[in-house]
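The values are calculated or read from the model by the stated rules, or taken from the named source; none is laboratory data. All values derive from a computational prediction rather than experimental measurement. Counting neighbours? That spans all protein chains shown, and the Cβs are built from the backbone with ideal geometry, glycine included. SASA here: full protein model, heavy atoms, side chains in, ligands and nucleic acids out. Shrake-Rupley method; radii C 1.70, N 1.55, O 1.52, S 1.80 Å.
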Amino acid sequence: YQGSNYGYVSGGAKVLGAHINHIEKFSLVTASNATDVGDITTARPVGSNYSSAVHGFLAGGYHSNVIERWSLLSDGNGVDVANLADGKDYCQGTHSETNGYTCGGGAPISDDIQRFNFASEADAVNNADLTTSGRGMGHQATATYGHMTGGQPGFSEVIHRFAFDSDSDATDWGNLSL
């Protein structure tokens, strides 16, 4: 997820499983290394990420249901602002202009689509379902639709599509050519 001039990455894991609490920023304009510009509240990998016009967000992750945000306009630490309906790891995020969406993930693997409103910062709600359960999926979006692709279990070929302006379940939009 990104701002207009910078890309951001948060959390993660190093070799031997040590979890990382960094928020790192890198230029989208000039080739250079990322810099540590803040910390998330709890070190954890495999959460979902999305952004509004002014904030980056990390939702869920290893043994976590926390949604936290940080400014894309100035460097600083993450702040716990809300919670997912239930904790998710290996979930995937996408966003519209007004909401972030955390999809799938978990153990057991889930088909949830959880919506988080950027303005209210109220807890996420499980508002719809993917066509099948999945985790570790790819994510894409247009101005009006979110898409989740591939992932586990196995090597899923499903392309899920859901409308940002409704609470309708995702539809099977097609298949990847695996």
Residues (under 18 Å from Lys25 (Cα atoms) and over 10 Å from the mean Cα position of the chain (by Cα)) located in the stretch 57-73 = Glu68, Arg69, Trp70, Ser71, Leu72, Leu73
Go over the candidates Thr171, Thr142, Thr149 one by one and state the one that is surrounded by fewer than 18 Cβ atoms within 10 Å (Cβ to Cβ) and free of Cβ contacts under 8 Å to residues at least 40 places away in the same chain.
-> Thr142
Candidate set from the stretch 75-90 (those that are part of a loop (DSSP other than H, G, I, E, B) and modelled with pLDDT of 95 or more); member that is surrounded by the most Cβ atoms within 10 Å (Cβ to Cβ) = Leu84
Top-ranked residue of the stretch 16-73 - restricted to ones that are among the basic types (Lys, Arg) and more than 20 Å from Tyr90 (Cβ to Cβ), ranked as most open to solvent (accessible area, probe 1.4 Å) | Arg69
The listed residue being touching a Lys or Arg at 6+ places or on another chain (Cβ under 6 Å), within 25 Å of Asp169 (Cβ to Cβ) and not acidic (Asp, Glu), out of Gly60, Gly150 = Gly60
Among the residues of the stretch 108-123, is there at least one that is among the hydrophobic types (A, V, I, L, M, F, W, C), part of a strand (DSSP E or B) and surrounded by fewer than 17 Cβ atoms within 10 Å (Cβ to Cβ)?
-> no
(1) in a strand (DSSP E or B); (2) modelled with pLDDT under 95 all hold for Gly100 apart from (2)
Restricting attention to the stretch 91-107, which residues are small (Gly, Ala, Ser), in contact (Cβ under 8 Å) with a residue 40 or more places away in the chain and open to solvent by 10 Å² or more (accessible area, probe 1.4 Å)?
-> Ser96
